[in-house]
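To keep things clear, I will list the structure first and then write my remarks on it.
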Amino acid sequence: MIIKNIESKIRLATFISMGSLLLAFSVSVVVSVYAYKQVLSARKSIYILDNNVPILAKQTDVQLNRPAEYKAHIDLFHSIFFSLTPDDRFIEYQMKRAMYLIDESGARQYNDLKEKGYFSSVLSSSSVLTLQTDSIVLDLPHLYFRYYGRQKIDRRSVTVSRSLITEGYLKDIPRSENNPHGVLITGWKTIENKDIENVQKNSL
């Protein structure tokens, strides 16, 4: 009887010890996970000094904002490439800026337009070209986009509106001063660029 009592007490003590150990381990894991989440949350809160006044700001996951950055990049490139004034230095400056945002497909289209006298006609006719974005369709899994816009060509005697549709792909690259979104447009081509309206100006 004495031996059996001793054995049962040993089993009970072992059970209690193991249970205590498992409980302590579980509590430590829960506390560690909670502390880790708190640290991550705290790191997302940053303070910006505005005239020595701290202002709380929140960091966001870069990937959550990536679709908006893709659209902003596409819009920026098209605006630079298709918005021109009759100034050869300005045109050259715009094209140089645009080439930082696209691969060789942009350079090919620029050279084709140059060979066809497109930029010379802008200068000779004193045309002012502006571009308005209608919509940008993104296919994120394939990093594909289609751009829809309307270009306005303001000449001395007529104002022309053109429908512009292009497509291409996107590639993530490191951010830089010349490419703040860290995106490169690839395989770019124009699907449609046709006149949809011609408005004659009154001549005095």
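Computed from the coordinates by the stated procedures, all read-outs in this text should not be read as laboratory data. Predicted model, so just to flag it, every value in this text is computed and none were measured. Positions of Cβ are generated from backbone atoms using ideal geometry, with glycine treated the same way; all protein chains shown enter the neighbour counts.
For LYS37, the lysines whose Cα comes closer than 27 Å to its Cα, not counting residues fewer than 8 places off in the same chain, are LYS58. The slack in the chain from GLU92 to GLU104, taken as 0.36 nm per residue of separation less the alpha-carbon distance, amounts to 2.7 nm. Write out the trypsin sites (Lys or Arg not before Pro) in segment 147-204 meeting two conditions: DSSP loop, and at most 12 other Cβ atoms within 10 Å of their Cβ. The qualifying sites are ARG156, ARG175, LYS201.
Among the GluC sites (Glu not before Pro) in segment 123-204, those placed in a DSSP loop whose Cβ has at most 13 other Cβ atoms within 10 Å are GLU177.
Please work out the Cα center distance from segment 97-126 to segment 153-199, rounded to the nearest Å. That distance is 11 Å.
Using the reciprocal of the averaged 1/r over all distinct C-alpha pairs, how large is the Kirkwood radius of segment 73-204 in Å? Intermediate results must be reported in sequence, preceding the final value.
Values: mean 1/r = 0.0643 Å⁻¹.
Hydrodynamic radius (Kirkwood, Cα only) of segment 73-204 equals 15.6 Å.
Each residue of segment 111-116 is assigned a 3J(HN,Hα), and the resulting list reads 5, 4, 5, 5, 5, 7 Hz, derived from the Karplus form 6.51 cos²θ - 1.76 cosθ + 1.60 (θ = phi - 60°), x at Gly and Pro. Across segment 188-198, coupling constants 3J(HN,Hα) worked out from phi with the 6.51/-1.76/1.60 Karplus curve, θ = phi - 60°, read 7, 8, 8, 8, 8, 7, 10, 5, 10, 7, 10 Hz, and Gly and Pro carry x.
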